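Heads up: the structure comes next, in structure tokens.
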Amino acid sequence: MSDRTYIDPGRKSMEALLALPADEELLMLNLLKYRDNVEGASNSGAEVFRAYMKAAFPFLKQAKAEVVFFGKPQTILIGPEDETLWDDVLIVKYPSPGSFLHMVQAEGYPLEQRKRALQDSRLIYCKANLMRP
């Protein structure tokens with residue numbers, strides 16, 4: 001894991017997202033590293049993130065998004081043996097870039113709660129690549 005941390009998207013990343021076809025389905029891979037202690041809270045970052053997910057669920061539902069996977073990495077099978085694992089991995093499917101952007105910009109969306117919970121993160125757009133024999 002890098003010494004640099006990332007919580008918010010950069011300008012170039014947002015421009016790339018906006019350049020995607022409007023009708024293209026998005027799969028967003030979230031790699032999550034939680035804070036040990038959250039300022040102003042008695043909960044851990046993991047607990048604050050779970051509260052964020054509960055608060056974000058109505059927004060996900062409104063965006064017609066689907067949580068495809070949420071789990072904890074266990075071991076690295078291929079890669080450096082000493083690499084630190086992320087705390088959790090989350091994959092969310094959105095029907096379009098617009099649905100994702102509308103959701104995170106909606107009034108009341110708990111973005112600050114997400115930021116408070118995380119020490120570091122990666123949000124990676126993935127496109128399904130169906131391989132056929």
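Things worth noting here:
- Here each label is just a point 7 Å from Cα along the line to Cβ, and for Tyr6 and Tyr125 those points are 1.3 nm apart.
- The chain, helix-only ellipticity at 222 nm - DSSP H runs n ≥ 4, -39,500 (n - 2.57), divided by all residues, nearest 500: -9500 deg cm²/dmol
- At least 24 Å along the helix axis (C-alpha) and Kyte average at least -0.5, DSSP helices within the chain: 45-62
- The chain - charge dipole about Cα centre, Lys and Arg +1 at Cβ, Asp and Glu -1, debye rounded to 20: 340
- Approximate spin-label separation Ser13-Glu39, in nm, with each point projected 7 Å along Cα-to-Cβ: 2.0
- Stokes-Einstein D (µm²/s) once Rh is taken as the Kirkwood radius of segment 4-97 over alpha-carbon pairs, at 20 °C in 1.002 mPa s: 138
- For Leu118, the amide hydrogen comes within under 5 Å of the amide hydrogens of Arg35, counting only partners 5 or more places away or on other chains and with H modelled in the peptide plane.
- Segment 58-133 pair-distance distribution - Cα-Cα, 5 Å bins, rounded %: 3, 11, 17, 22, 20, 12, 9, 5, 1, 0
- Projected onto their three principal axes, the Cα atoms of segment 22-67 cover extents of 41, 21, 15 Å, largest first.
Here, each number is a calculation from the coordinates, and none is a lab measurement. This one's a predicted model, so the numbers in the text were calculated from it and none came from an experiment. Note that we place each Cβ from the backbone using ideal geometry, even for glycine, and neighbour counts take in every protein chain shown.
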